[in-house]
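Student: I'd like to ask some things about the structure below.
The values are calculated or read from the model by the stated rules, or taken from the named source; none is laboratory data. Because the structure is a prediction, the values reported are computed rather than measured. Every residue, glycine among them, receives a Cβ derived from its backbone with ideal geometry; neighbour counts consider all protein chains shown. Surface areas here come from the heavy atoms of the whole protein model, side chains and all, with no ligands, DNA or RNA. Shrake-Rupley method; radii C 1.70, N 1.55, O 1.52, S 1.80 Å.
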Amino acid sequence: MKFRKGPDGLHLFERASGFNCLIDEIAIPKHKWAKAPRFVSFALTNICDLSCQFCYAPKSNDFLPSTSVLDWSRELDSNGCLSIGFGGGEPTLHKDFPMICREINMQTALGITFTTHGHHFDKTLCDELESSVNFVRVSMDGIGETYESIRKRPFASLLNRLSIVSSKFNFGINYVVNHQTLPDLDRALELIVEH
């Protein structure tokens, strides 16, 4: 259990279960407030092997140095941060991604999450990340043909990857809602409940 003191009170966090409890009746003196934010998101890389038309991330072959990410994570942990998230680009394309997650898990009390398009999930990657990652967000915009027109990948492949992810991780879906994807929203929610 990790305790974070801040202007809102005492925040209790347990990364394995995702338990969060803010006790706001406790007044914490300002000089004892955590120096780091509750949550920090890192864009590990700008590279992505998809070309979704609404994506705002620049597509370049840039990666954060692994040693810097580990140093920053230790500093964030020691200054009251509760959790970090990885995105990009596609974080699973960072050459050291499993090692980064494993080392942060071993060296800190930070919760670890990441957002992915999901198409690199296989048993090997799941096994490498299972003991380190607490939550996975999979980007899924639309169902069937809608998804395929946006992501240029077979929807059946995503469903297979979701089965792998859901067997090992707590997970959720990131869904961009726009004129193209809105008609599939109800079906997308039903599909996720099934997984």
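Student: Would you calculate the volume per residue, in Å³, of the smallest convex hull containing every Cα atom of the stretch 64-172?
Tutor: Once divided by residue count, the hull of the stretch 64-172 is 96 Å³.
Student: Tell me, in nm to one decimal, what length is gained between Asp127 and His179 on full extension, where the rule is 0.36 nm per residue of separation less the Cα-Cα distance?
Tutor: Full-extension gain reported as 15.0 nm.
Student: Could you tell me the calculated FRET efficiency between Glu148 and His31, based on Cβ-Cβ distance and R0 = 45 angstrom, to the nearest 0.05?
Tutor: Result of the calculation: an efficiency of 0.25.
Student: Need the full-extension length gain, Ser68 to Tyr56, defined as separation in residues times 0.36 nm minus the C-alpha distance. One decimal, nm.
Tutor: My answer for the length gained is 1.9 nm.
Student: Straight-line reach only, C-alpha to C-alpha below 28 angstrom: list the lysines that Lys95 could link to, leaving out same-chain residues fewer than 8 apart.
Tutor: Answer for Lys95, where 28 Å is the Cα cut-off: Lys59, Lys123, Lys152, Lys168, listed by chain and number.
Student: Shifting gears a bit: Which value, in Å² rounded to 10, gives the accessible area of Lys168 with a 1.4 Å probe and all protein chains present?
Tutor: Its heavy atoms expose roughly 70 Å² to the probe.
Student: Also, I was wondering about something else. Between the stretch 7-74 and the stretch 136-164, what is the C-alpha centre distance in whole Å?
Tutor: Value for the Cα centre distance between the two parts: 26 Å.
Student: Would you mind checking which residues have amide H under 5 Å from Gly172's amide H? H placed 1.01 Å from N; only 5 or more apart, or other chain.
Tutor: Hits under the 5 Å cutoff: Val136, Arg137, Val138.
Student: For a quick check, take a GNM of the chain with Cα springs below 10 Å and name the residue from Phe39, Phe121, Phe19 with the largest mean-square fluctuation.
Tutor: Of Phe39, Phe121, Phe19, the Gaussian network model singles out Phe19 as fluctuating most.
Student: Now a separate question. Return the sequence-ordered ³J(HN,Hα) values of the stretch 60-74 in whole Hz as given by the Karplus equation 6.51 cos²θ - 1.76 cosθ + 1.60 applied to θ = phi - 60°, using x for Gly and Pro.
Tutor: Each residue's phi maps through the Karplus curve to give 9, 8, 10, 9, 6, x, 4, 5, 5, 4, 5, 4, 4, 5, 4 Hz.
Student: How much solvent-accessible surface does Glu190 expose, in Å² to the nearest 10, with a 1.4 Å probe and all protein chains in place?
Tutor: Looks like 110 Å² after rounding.
Student: Along its three principal axes, how long is the chain when you only count alpha carbons? Whole Å, largest extent first please.
Tutor: 55, 36, 30
Student: Compute the helix-to-body angle for 185-194: its Cα long axis versus the longest principal axis of the chain, expressed 0 to 90° and rounded to tens.
Tutor: Tilt relative to the chain: about 70 degrees.
Student: Once you place label points 7 Å from the Cα toward the Cβ at Ser17 and Met99, how far apart are they in nm?
Tutor: Distance between the two pseudo-spin positions: 3.5 nm.
Student: Once phi is turned into θ = phi - 60°, what whole-Hz ³J(HN,Hα) does the Karplus curve with 6.51, -1.76 and 1.60 give for every residue of the stretch 113-118, x standing for Gly and Pro?
Tutor: 10, 7, 10, 9, 7, x
Student: Could you name the lysines whose alpha carbon sits less than 26 Å from that of Lys5, not counting residues in the same chain fewer than 8 places away?
Tutor: Lys5 reaches Lys30, Lys32, Lys35.
Student: Hey, what's the stretch 1-155 come to in accessible area per residue, 1.4 Å probe, Å²?
Tutor: 49
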